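J.: One structure, as structure tokens, below. Some questions next.
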Amino acid sequence: MKGNSRTVYVTLSLFFSLASALPWAPGQPVARWQMKWKEEEGQDQRISEAHRKFLTEQVPTMKIIFRDQNFLVINKPYDVRMDGEHEVTVEKLAAQILLEDKANDREGGQGEEAAKTIRFPHRLDFATSGVLCIGLSRRATGAAGKLFESRSACKEYLAICYGRVAREGMKIDKPIANRLVKEGEDFVNPTGSDGTKDFRMCIGDVNNAGRDAFTEVVVLSWGKYMGKEVTKVLLLPKTGRRHQLRVHLADAGHPIVGDYTYCGDGEAPRMMLHAWRLTMKLPEKMCGKQVWIADDPFKELLEEEETVKELEAATG
């Protein structure tokens, strides 16, 4: 059975019932880092109307991009964890969709059984939004997973980064390694049982080699965001290392706006990194070749924007 490729918006009651656990309140300005702006007369707030709209319209919704018996593809909200012992996760939201499908007798809905078999052939960071493919069986997840492992899946991201990236863009070929904590140094969200690793990654060197990583950066436009010079870019990773795009851009001197982990930016309402398009050539007996797109959330966000290259032209 082929999936219904229509885009469907599902506002989940689960989001609202657990609103207190989210980093924002539905229908209210985003306050991820308790960002506030003063309304004092005569003060230059440097916040455009587009930015105010961006802040006040971030109502939690789950956008379904594709759905069949093998896959559920969504536009993942930013600042939502994939899984784990948290009140709101992608896993729980996906399960809610499947259960609602069954309850409403929607095409392709498998209800409780499908909800139990949710698997992730790839992942997005907590702060990243965009296209996320969810497998609904071991077979489907395995097929998708092989494409990611073999680097056959084409992933394209949008980001807004600080500074003016050169018109010709960048090709970054630097290894990504686990960040080693030096004696007496603070670490963040430790993952190593011996306490020598933390949540952050870094560029590899002779003492901490890491793994190969390559990112192509295509410049789309220049402009300003909250009064600061920024560049909107298309990111084309050839590898899928943890935090690869964030570390590569930060190392190049152009950290992603809102990336508190790698540049300490606590002013922006979110990290401006979005998985825009995912192209996968799945088996024909499943759904064949698919191109899934999650709408650009940064469109018309920049002030004084100067277009360098249109998005569709940049992707060929």
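The values are calculated or read from the model by the stated rules, or taken from the named source; none is laboratory data. Quick caveat: nothing in here was measured; it's all calculated off a predicted structure. Glycine gets a Cβ as well: all are built from the backbone with ideal geometry, and neighbour counts include every protein chain shown. Just the protein is used for accessible areas: all its heavy atoms, side chains included, with ligands, DNA and RNA removed. Shrake-Rupley method; radii C 1.70, N 1.55, O 1.52, S 1.80 Å.
J.: Counting alpha carbon pairs within less than 8 Å and at least 6 residues apart, what relative contact order, in whole percent, applies to the stretch 196-287?
T.: RCO, the stretch 196-287: 19 percent.
J.: While we're looking at this one, here's another question. Taking every pair of alpha-carbon atoms in the stretch 222-316, give the share separated by more than 18 Å as a whole percent.
T.: Cα-Cα pairs of the stretch 222-316 separated by over 18 Å account for 56 percent.
J.: Something else about it: Got a number for carbon plus sulfur as a percent of the stretch 157-316's accessible area, 1.4 Å probe?
T.: Answer for the stretch 157-316: carbon and sulfur cover 45 percent of the accessible area.
J.: Further, regarding this structure: What accessible surface, in Å², does a 1.4 Å probe find on HIS86, ignoring ligands, DNA and RNA and rounding to the nearest 10?
T.: Ignoring ligands and nucleic acids, HIS86 comes out at about 70 Å².
J.: If you don't mind, another one. Please report the accessible area of TYR78 (heavy atoms, 1.4 Å probe, ligands and nucleic acids excluded) in Å², nearest 10.
T.: Counting only protein heavy atoms, TYR78 exposes about 20 Å² to solvent.
J.: Here is a further query. Tell me which trypsin sites (Lys or Arg not before Pro) from the stretch 134-171 have a DSSP coil assignment and no more than 11 other beta carbons within 10 Å of their own.
T.: Taking the stretch 134-171 and a limit of 11 other Cβ atoms within 10 Å, the loop trypsin sites (Lys or Arg not before Pro) found are ARG167.
J.: Then there's this: Quick check on my link table: of LYS76/LYS289; LYS224/LYS281; LYS228/LYS309, which ones sit more than 31 Å apart, alpha carbon to alpha carbon?
T.: Flagged as over cut-off: LYS224/LYS281.
J.: Another question, if that's okay. Going by a ≥ b ≥ c, the root eigenvalues of the Cα gyration tensor, does the stretch 232-283 fall in the rounded group (a/c under 1.5), the prolate group (a/b larger than b/c) or the oblate group?
T.: In terms of gyration-tensor shape, prolate.
J.: Ordering PHE126, PHE120, PHE71 by accessible area with a probe of 1.4 Å, largest first, what comes out?
T.: In descending accessible area the options line up as PHE126, PHE120, PHE71.
J.: Let me make sure I get this right: for the stretch 157-316, a, b and c are the square roots of the gyration tensor eigenvalues over alpha carbons, sorted descending. Under 1.5 in a/c it's rounded, otherwise prolate if a/b > b/c, else oblate. Which is it?
T.: Taking the square roots of the gyration eigenvalues as a ≥ b ≥ c, the stretch 157-316 is oblate.
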